[in-house]
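Chemist: First, the structure itself, so that you have it in front of you.
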Amino acid sequence: MSPLLKKISDKFLRQLSGTVSSDIEEAGRRKLFSIFLFLLIAPLVIFGAHLIKNGFYGYGIVDYIIAALFVLFLVVFRKVRNAKVFYRIALSLLCFLMIYWVNTGAAKGYASMWVLTIPPFTFFLLGKREGVIWTVFVFGVTSAFLLIPSLSVNGFVYEAGFVSRYLFTLVLIILFTYNYESMREQYKKAMEIEQQKLLDEKEHLAEAKNEAEDANRKLNEEVKIRHKAESDLRAHRDRLEELVVERTIELRNTNAMLAANEIKYRLMADNITDMIWTADMNLHFTFISPSVTRIFGYNVEEAMNLPFDKWNTPDSFSRVLRIFQGQLELESSGTADPDRYVNIELEHLRKDGTVIPVEVTVSFLRNSHGEGIGIVGITRDISERIKAQDENRRVHEQLAQAQKMEAIGTLVSGIAHDFNNILGGIIGSYDLLTRMLKDQKLERRDRIDKYLTIGMESSLRSAELIKQLLALSRKHEITLSPVDINNSLNHVIEICRNSLPKTVEIDYLPSDAPLVVMGDIVQIEQVFLNLCINASHAMTIMRPHEDKQGGILKVRAIETQSDLIIKELYPDYYSYDGRWVNVEVSDTGIGMDNETRKRVFEPFFSMKKQDEGSGLGLSITYNIIKQHRGLIHIYSEPGMGSRFSVYIPTYGNVEAVESSGKCSGEITMGSGIVLVIDDEHVMLNIAKGFLEECGYTVLTADNGNDGIDIYRKRFQDISAVIVDLSMPGKSGLEVFLELKNINRDVKVILASGMLDEESRLTADTIGIKGIVRKPYLADELSVMVKSII
């Protein structure tokens, strides 16, 4: 509160309470009484206005009358000398008003809160004894009205919870107020006793003051006598001080120079990150800087007493002795450069026994005659430098590995493209032969059909191998379709049984029910094959040579709801309402620690030797699982093996697996002219044979320009065009754009054995009607052509 507002407030309260009493406590009571009456007048006026407005004229007038009486009390109160009588009158009226409010439930019962102010008010105004009487009276009446609703004149009933909280609060206030008033009276009595003691002390101090004044007079006389003696002594002291100051200045300047030099060199020795040291010609230390603690863990005293051989590994100590001996021989020859120094890298031992790489620079300490009297050295911890060099070497190795993988990928994609065309001719020929011989009467049909089927199945398996090669080169488009995990695992386990070491025991238990997911079968199998190969390596080539090779590779697959692993470790996936296919691949190999588990999915990170792994297998596995909206979790302990748990969302349409990727075998007949453009004559002949078998007339071109010329001449007769994506000169997409310039409504099917995502999106964008993947069968091609014509 600002001083001006405080001054106005005090003046107003003095006008309300009067200035009859000079007692501070009584003045406080008058102020409190005036404030309390003033605070009651405002709600009485508000309640009265509210009651009159709502039609309760009698109650409203009563409130106005009581408010007027309180105003009258404030005016008369200034003239009253005996305030206690006035307090009792006012309290009687106030208690009546409060009890009335409690009885009638004024302000929905909240007016009863004013009763809580009665105990502190009465105790402060009338004292402890009379305050107890008033308080007990008010408490008894209030409790009766609250607990016995029938006593209310208007039938108002308080809630039981409110009554209990209210009475509990009122009892607490009464007890606290009674205790406070008791303490206040005790404090008042103590203050009166202390006040009397202070008055007694005041008299004693007055007597002591008189005695002190007499003593001061005597001292003043003695001071005058001493002043003369002091002036004589001061003259002699000043002369001595002048002499001392001159000598002190000289010493201070000298010491300052010495201290500055000491501080400078001490700071350098204490704060330099390298260890500075000196030793005598017998290799006994004579000085070691405090940085020895930071580098090696020894304090200076321990380091000074440590023999030279204890600082070095045996190999490093042998090098030190050999170099020192060579420098002594050079020194004795007299032809060596006296300012020479030696810089060597050694392996030192820390106090805890760990080995750290250091760089030591040493030279001879010489006396005034240039003779060697010791050696001085600087030892630097080069752990970070070595680590940086190793990291730089590792990065270069990873870059070389990545370039090698890129080159392999390019080579694989080229080989895969050529094999696709070759397989297209083989598969197409088998398909045509099968259809041509279908209606022929053959004596040895069973054997002919058997070998045709073997040839077709082998060719199709080769085509699947090409897809895997394309996946390795990252030029294969992810094709999601219903996949039964059981089939993929059966295939992977068959490969593992034929390729993994015989010391690896495979424990595989297939699921009885289909485990269907939406996925790319090639990449799904690549994931499980990677996990099985890593498990095998953990039990064989990654074990120490002296350990027993081999172990148990365990593979299990089940369908499950979100389990504890997902709930606790992957809460974002726990909200998924569907079910999961859970495949667990575990081994009894070397296991991993926590740090390795955190890094195991990083590209190029590998626990294997440099020539035994690229560090890409698990990174590729992790990305494939992510693309399939799944997750992968690792549990592992060093020496106990590892367990990889793969979770992929299930797909509900089990029947789709049976039909996915299989052909009906029946071709779809049609009519019209189809133009086939392909640079591979084998594929031209196969496509022509397929389409003619389906009833179409076929035109062929072995390059893009010839195909465009044929279409320009006969586009009105041509119903559809099949064009290869990858051709010399113009690609299939470029050919399509020129065909579209000739005829905006041209219907084109794009054929490719290695269609990547970018090319597929471009084909969809520019308006290609369909895509068929090489090698294709007659029924696939016939359905696609029929669908766009």
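The numbers here are math on the coordinates, done by the rules we state, and not lab data. Treat the numbers as computed from the prediction; the structure is a model and nothing was measured. Cβ placement follows ideal geometry from the backbone for every residue including glycine, while neighbour counts extend to all protein chains displayed.
Chemist: Ordered by packing density, taken as the mean number of other Cβ atoms within 10 Å over each peptide's residues, highest first, how do 177-187, 700-710, 44-54 rank?
Modeler: Top of the packing list down: 700-710, 44-54, 177-187.
Chemist: Quick check: residue separation of Ala68 and Lys189 times 0.36 nm, minus the Cα distance between them. What number comes out in nm?
Modeler: Net length gain for the segment: 39.6 nm.
Chemist: Moving to a separate point now. Which residues' amide hydrogens lie under 5 Å from the amide hydrogen of Val772, considering only partners 5 or more residues apart or on another chain, with H built in the peptide plane?
Modeler: Excluding prolines and chain starts, which carry no amide H, the hits are Leu750, Ala751, Ser752.
Chemist: Using modelled backbone amide H atoms (1.01 Å from N, in-plane), which distant-in-sequence or interchain residues come within less than 5 Å of Gly374's amide H?
Modeler: Leu365
Chemist: Using only the Cα atoms of the range 695-789, build the gyration tensor, take square roots of its eigenvalues as a ≥ b ≥ c, and label the shape rounded, prolate or oblate: rounded if a/c is under 1.5, else prolate if a/b is larger than b/c, else oblate.
Modeler: Judged from the Cα gyration tensor, the range 695-789 comes out rounded (a/c under 1.5).
Chemist: Next question, about the same structure. Taking a 29 Å limit on the Cα-Cα distance, which of the listed pairs Lys740/Lys774; Lys730/Lys769; Lys310/Lys387; Lys31/Lys128; Lys351/Lys387; Lys84/Lys202 fall beyond it?
Modeler: Violating the 29 Å Cα-Cα cut-off are Lys84/Lys202.
Chemist: If R₀ is 56 angstrom, what is the calculated FRET efficiency for the pair Leu330 and Glu734, using the beta carbon separation as r and rounding to 0.05?
Modeler: Given R0 = 56 Å and the Cβ-Cβ separation, E is 0.15.
Chemist: Okay, moving on. Quick one: which residues, 5+ away or cross-chain, put their amide H under 5 Å from the amide H of Thr286? H built at 1.01 Å from N.
Modeler: Hits under the 5 Å cutoff: Thr278, Ala279, Asp280.
Chemist: Applying a 10 Å radius around every beta-carbon, put 682-691, 329-338, 358-367 in order of their mean neighbour count, most first.
Modeler: 682-691, 358-367, 329-338
Chemist: While we're on this one: In whole Hz, what ³J(HN,Hα) sequence does the range 343-359 give by Karplus (6.51, -1.76, 1.60; θ = phi - 60°), x for Gly and Pro?
Modeler: 10, 9, 9, 10, 10, 9, 10, 7, 4, 7, x, 6, 9, 10, x, 9, 10
Chemist: What's the center-to-center distance, using Cα atoms, between the range 39-70 and the range 737-789 in Å?
Modeler: Computed from Cα coordinates, the inter-centre distance equals 93 Å.
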